[in-house]
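Remarks on the structure that follows.
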Amino acid sequence: MITTPSATAPAPAGNRRAAPSFGRFARTAATVSLIATTLNLACFGVARAVGATLLVDPGIGPANHLVTGVDVAWKTAVPVLAGSLVVWLAAQRSRRAASGVIVLGGVLAALSIPLPLLGAHDPRTATTLLALHTIAGAAFVLIGVRTVAAATSAAGGPISLRSRR
């Protein structure tokens with residue numbers, strides 16, 4: 001007797017798409033986000049030490065906004081973690097979708113760099129904001145790449161192009 005799998009039957013082991021576990025992703029995202037936040041707070045401290053005004057005229061909101069340590073911390077951690085969660089959710093669908101989210105996030109991070117530069121009151125503040133946005137964008141991309149690599153290795157595929165032979 002030949003039987004066919006029903007719609008509710010689990011897929012054979014060879015057909016399952018492996019995605020990175022949430023625990024592994026969460027550890028990576030938390031660690032990288034914490035490092036990025038710490039680096040950004042260090043940049044903020046250096047900027048204060050060298051006399052940056054840390055005043056910006058944002059495109060939205062009142063002029064002469066003073067950038068504080070709390071601003072730096074939450075405006076690093078929250079976007080990096082939220083964006084990384086979107087990458088992880090996309091990785092549940094496919095590695096290609098996750099890669100697309102990483103590229104889109106990287107482009108948005110790159111596009112966000114000139115905006116505060118245009119509103120900075122002095123060159124030291126502009127340089128600091130450039131560093132802060134670059135660090136946060138790099139953290140997001142790093143978490144995304146690690147998430148896709150974990151999905152690739154979990155699926156039994158190559159982790160990088162160099163491992164293909």
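Tabulated data for the structure shown
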{"read-out": "Residue count for the stretch 34-56, restricted to those that are of a type in the set (Gly, Ala, Ser) and exposed (fewer than 15 other Cβ atoms within 10 Å of the Cβ)", "value": "4"}
{"read-out": "Some residue of the stretch 81-96 being in contact with a His (Cβ under 9 Å, 6 or more places away or on another chain), in a helix (DSSP H, G or I) and modelled with pLDDT of 95 or more", "value": "no"}
{"read-out": "Residues being crowded, with 16+ Cβ neighbours inside 10 Å and within 13 Å of Thr38 (Cα to Cα) - total across the stretch 57-70", "value": "0"}
{"read-out": "Hits in the stretch 103-136 - residues which are in contact with a Gly (Cβ under 7 Å, 6 or more places away or on another chain) and modelled with pLDDT of 95 or more", "value": "Arg124"}
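The values are calculated or read from the model by the stated rules, or taken from the named source; none is laboratory data. From a predicted model like this one, the values you see are computed outputs, not experimental measurements. Ideal geometry is used to build each Cβ from the backbone, glycine not excepted, and the neighbour counts take in all protein chains shown.
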